[in-house]
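Working notes for the structure below.
What follows is calculated from the coordinates using simple rules that are stated; it is not laboratory data. On a predicted model such as this, the values are computed, not experimentally measured, just so you know. Quick reminder, even Gly has a Cβ in these numbers, built from the backbone with ideal geometry, and neighbours come from all protein chains shown.
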Amino acid sequence: MDHKTSRILLTGSNGQVGRELQHALQPLGKVLALNHSMLDLANPEAIRHTVREFKPDLIVNAAAYTAVDRAESAQELAMVVNGVAPGVLAEEAKRSNAVLVHYSTDYVFDGSKTTAYIETDVTHPLNVYGATKLAGEQAIKASGAAHYILRTSWVYAAEGANFLNTMLRLGRERPELRIVDDQVGAPTWARAIAQMTVQMLSRQQNPAADSRYGLYHLTATGAVSWFGFAQAIFAAAEQTMGIPAPRLIPITTSEYPLPARRPANSRLDCSRLGSAFGIQPAAWEKMLAACLQEKASLQATAHPQD
Ligand SMILES: NC(=O)c1ccc[n+]([C@@H]2O[C@H](COP(=O)([O-])OP(=O)(O)OC[C@H]3O[C@@H](n4cnc5c(N)ncnc54)[C@H](OP(=O)(O)O)[C@@H]3O)[C@@H](O)[C@H]2O)c1
């Protein structure tokens, strides 16, 4: 890309990935970062108007309806935001020769495969969220716009509503936590997602005819269960922040019923990202350590006396 003249429209700029992208995209051009209140993806006319006014060369869609359990009873809204809006963004991208970057999820799969999923594996979402995200992927593909769809998994960041922060909060409140041990995936740091996205875009030679457009899996390397992830979180938090670990009890999914079903196997094979762009994601343990370092330093800045 011509980094000096790029105009970049970022949606969902207050989300975990959106916040990181807001910083990471800066070297690539002029970034118009829009949060939910500035651009509501449930409003297709607002999307069209915004894109036509700003005339971006690149659209990065980090907005999504991500409340997996709530989506089961808010199917219509989840479909408009996750299924319809990406198609509108893609139509607008096509119309103005812009490139669209969009994020999708491991929840497009049913988890019945015994090894990691590759991009061409058959999709079969188990829940409404997964079905709406799949509809978004399909709408983008159908538009004919130049695009990257990046499927990621188990996203967390130092701030925001995520498993890491839920664990640290519950760990302070309760002596014992029961955590699901029969769902396996790759916890992925939002900052790493943003950085790898920017690496891909920086390695894009010719935006008008890049043969590498398409669908990619982009997660941390390795895999762990939620229980194993919780163990690693408390081990690292004890070291970096002196937070004592609660007792952790492994349980099965059936012992912790939730409105939305989740895949048992969420592992995504990222070799396509490696062969097309030479990008090798870091191990999930390394990402977790880096994020907790950042969290510790944020806390030290917020409470210098502690
Ligand atoms: N989180 C995960 O574990 C996970 C896993 C796999 C894939 N992904 C995908 O990765 C991408 C980034 O996820 P994330 O973890 O950064 O999610 P996030 O932290 O929940 O951020 C999503 C952002 O989208 C905004 N949003 C929701 N509805 C919107 C609407 N109608 N119009 C405009 N903005 C809206 C939210 O704003 P409000 O909070 O103000 O509503 C929020 O700032 C998404 O495509 C997601 O599907 C996430």
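Quick notes on this one:
- Efficiency of FRET between LEU77 and LYS141 - r from beta-carbon atoms, R0 30 angstrom, step 0.05: 0.85
- Kirkwood hydrodynamic radius of segment 97-242, Cα pairs, Å: 17.1 Å
- Ranking LEU248, GLN231, LEU134 by how far each Cα lies toward the positive end of the dipole of the chain (charges on Cβ) leaves LEU134 at the top.
- Relative intensity, log₁₀ I(q)/I(0), of segment 1-83 from a Debye sum that treats every alpha carbon as a point, q = 0.24, 0.25 Å⁻¹: -1.14, -1.20
- Lysines whose Cα lies under 18 Å from that of LYS141, excluding same-chain neighbours fewer than 8 positions away: LYS94, LYS133
- For THR252, net neighbour charge (Lys/Arg +1, Asp/Glu -1) across residues whose Cβ lies under 15 Å away: 0
- Under a model in which nothing but the beta-carbon of Lys, Arg (+1) and Asp, Glu (-1) is charged, segment 1-156 shows a dipole of about 500 debye around its Cα centre.
- Electrostatic tally near ASN82: other residues with Cβ closer than 14 Å to its Cβ, Lys and Arg +1, Asp and Glu -1, net -1.
- The slack between MET241 and ALA290, meaning 0.36 nm per residue of separation minus the straight C-alpha distance, is 16.4 nm.
- Top positive-direction residue, dipole computed over segment 1-144 with Cβ charges, set GLY83, TYR117, ALA46: ALA46
- Applied to segment 83-90, the Karplus parametrisation 6.51 cos²θ - 1.76 cosθ + 1.60 on θ = phi - 60° returns per-residue 3J(HN,Hα) values of x, 8, 4, x, x, 5, 4, 5 Hz, with x for Gly and Pro.
- Extended-chain gain in nm, criterion 0.36 nm per residue less alpha-carbon gap, GLN280 and ARG212: 22.8 nm
- Among VAL60, SER73, GLY29 - extreme Cα towards positive end, dipole of segment 3-93, charges at beta-carbon: GLY29
- Based on Cα contacts under 8 Å between residues 6+ apart, segment 107-188 shows a relative contact order of 23 percent.
- Only aspartates and glutamates eight or more places from LYS113 in sequence, or on another chain, were considered; those with a Cα closer than 15 Å are ASP121, ASP182, ASP269.
- Remark on THR105: its backbone amide H falls under 5 Å from those of THR152, a criterion applied only to residues 5 or more positions apart or on other chains, H modelled at 1.01 Å from N.
- In this structure the amide hydrogen of HIS147, modeled in the peptide plane, comes within under 5 Å of the amide hydrogens of LEU100, GLY214, none closer than 5 places in sequence on its chain.
- Loop sites in segment 55-148: trypsin sites (Lys or Arg not before Pro), DSSP, at most 11 other Cβ within 10 Å: none
- In sequence order, calculated HN-Hα J values of segment 286-298 (Karplus, 6.51, -1.76, 1.60; Hz; x Gly/Pro): 5, 4, 4, 4, 5, 5, 5, 4, 5, 5, 5, 6, 5
- Packing-based order for 222-228, 149-155, 100-106, 74-80, using average beta carbon neighbours within 10 Å, highest first: 100-106, 149-155, 222-228, 74-80
- Computed extension length for THR120-TYR256: 45.8 nm, one decimal, from 0.36 nm per residue of separation with the Cα-Cα distance subtracted.
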